[in-house]
Each structure stands twice: as C-alpha cells, then as structure tokens.
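Every number here is computed from the coordinates shown, using simple stated rules; none is lab data. If you're wondering where the values come from, they're calculated on a predicted model, not measured in any experiment. Glycine gets a Cβ as well: all are built from the backbone with ideal geometry, and neighbour counts include every protein chain shown.
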Amino acid sequence: MNDTEILKNLVLAPYIIKATALIGRHRNVGGNQFRHAMATFAILLDYKLFDDYVLLKAAVIHDLIEDVPETDEQELRQIDEQANKVVDLVLELSKPIGMNKAVFLKRILEQGSRNAKIIKVADRISNLTDLHRDHYSKARMSSYLDQTEKYVLPMAIEVNKNMAIELKDLIDARRKQMNYLKYPGFMGF
C-alpha cells in the first residue's frame, strides 16, 4: 500500500473528539493543548510515520490523561480495537503527579518503548517550535534546552535521525535567539 492508502484506513475522529477536551487547557506560549496535540500528530505525518495507527492515535491524545485528570480512561479504552494499546502508550507518556520532569524523561529514555520515544521527540519539537523568549525567562529557556539535549535528543538519535537533526537545529536556534536577546532593545541587526 502507498501512503495515501495507508492513511485512508486511519480512523482518527473518535480520538480527535476526545482531544477537544484539551481546548480549554492553556499553554504558556499561547494557544491551547489541543493545537499542540494536533501539531505533535502533524510532526509524525511530516516524518511519514503513516503506518503505525497506535502511534498516530496516541499522539492526538498524548497529553489528555495528564492535562485533563477527569478523563475516563475506561471510556478511552472502548473507542476501538486498538484503544487499549493507545491508552497504554498515553499512560507511558503521562508524567505521574509529583514526579520531577528530568526523572520522568530519564525513565522514558532508559526504559520507554520506541513509540513513547517517538512521540516524546515530536512533542518536544512542537514545544521548541513554540518556545520564545517573550514567554520565558532566559534561565527557564536555557534549562529547558539543557533538559532537551540531555534526555530528548538521545531519544531522537535512537529512533529517528532526521527528527534528531530537526531537534538539534531547534535547540541551536533557540540558544542563538537567547543570545541575540541578551541586550534590551537589540533587534538582531
């Protein structure tokens, strides 16, 4: 089957409907978590990861259980014949309450499934695309970029070299942006 045929068989609407619960969930960079979920899904399509429906469905709801705690997990598991695998992957990507983010990312890096790593990399590409100095302090941006280099970049190198290149380019661009914005009023020319 070609890519078009593969995607024709993907039934995503029930997952998108569930993901709309993220619309009211604010992101510090603007927009909402629903748009971020759709961006994460689109990044996977951009890398032609068409043939793993569990991966694609999980990308759409990857933040749902973590960001909407009232989500009915059992209801999600009834969506379709792949729903148990989808929900299990989403749970693998959901940071437990109170767990340090670095510890969580280290756990995915060292013990996570291939699909968890792929979605985490796509998720971080989306986050870095939206990471701008006007929303975060230089210290917070630097810490986030350090965390990305330490935990997420090795995941990308392991699962998809092209995603690793994009992630590294985004890290470099954000570091460069931070240096350009070092002086108030500097416009980059």
The chain: most fluctuating residue of GLN33, GLN74, GLN147 per GNM, C-alpha cutoff 10 Å: GLN74
- prompt: For the residues GLU149, GLU110, GLU92, what sequence is obtained by ranking on other C-beta atoms within 10 Å, fewest first?
  reply: GLU110, GLU149, GLU92
query: For ASN28 and GLN82 in the same chain, what is the full-extension length gain: residue separation times 0.36 nm, less their Cα-Cα distance, in nm?
result: 16.2 nm
- prompt: Taking only C-alpha pairs under 8 Å that are 6+ residues apart, what is the relative contact order of the stretch 3-180 in percent?
  reply: 20
statement: At the level of C-alpha centres, the distance separating the stretch 66-86 and the stretch 100-167, in angstrom, is 25
task: Check each of the GluC sites (Glu not before Pro) in the stretch 9-76 and keep only those in coil by DSSP with at most 14 other C-beta atoms within 10 angstrom; list them in order.
output: GLU70
statement: Per residue, the convex hull enclosing the alpha carbons of the chain has a volume in Å³ of 130
- prompt: Taking the stretch 3-84 as the region of interest, what is the percent of Cα-Cα pairs per 5 angstrom bin, listed from the shortest bin to the one with the maximum distance?
  reply: 3, 15, 27, 24, 17, 10, 4, 0
- prompt: Using the Karplus equation 6.51 cos²θ - 1.76 cosθ + 1.60 (θ = phi - 60°), what ³J(HN,Hα) coupling, rounded to whole Hz, does each residue of the stretch 85-91 give in order, writing x for Gly and Pro?
  reply: 5, 4, 5, 4, 5, 4, 5
field: Computed [θ] at 222 nm, deg cm²/dmol, the chain (DSSP H ≥ 4; -39,500 (n - 2.57); rounded to nearest 500)
entry: -18000 deg cm²/dmol
task: Mind scanning LYS8/LYS176; LYS8/LYS95; LYS8/LYS101; LYS101/LYS168; LYS18/LYS168 and naming the pairs with a C-alpha gap bigger than 30 Å?
output: LYS8/LYS176; LYS8/LYS95; LYS8/LYS101; LYS18/LYS168
field: Per-residue HN-Hα couplings for the stretch 147-156 [Karplus 6.51, -1.76, 1.60; θ = phi - 60°; Hz; x = Gly/Pro]
entry: 4, 5, 5, 6, 10, 8, 4, x, 4, 4
task: Any chance you could give the angle, 0 to 90 degrees and rounded to 10, that helix 101-111 forms with the longest Cα principal axis of the chain?
output: 50
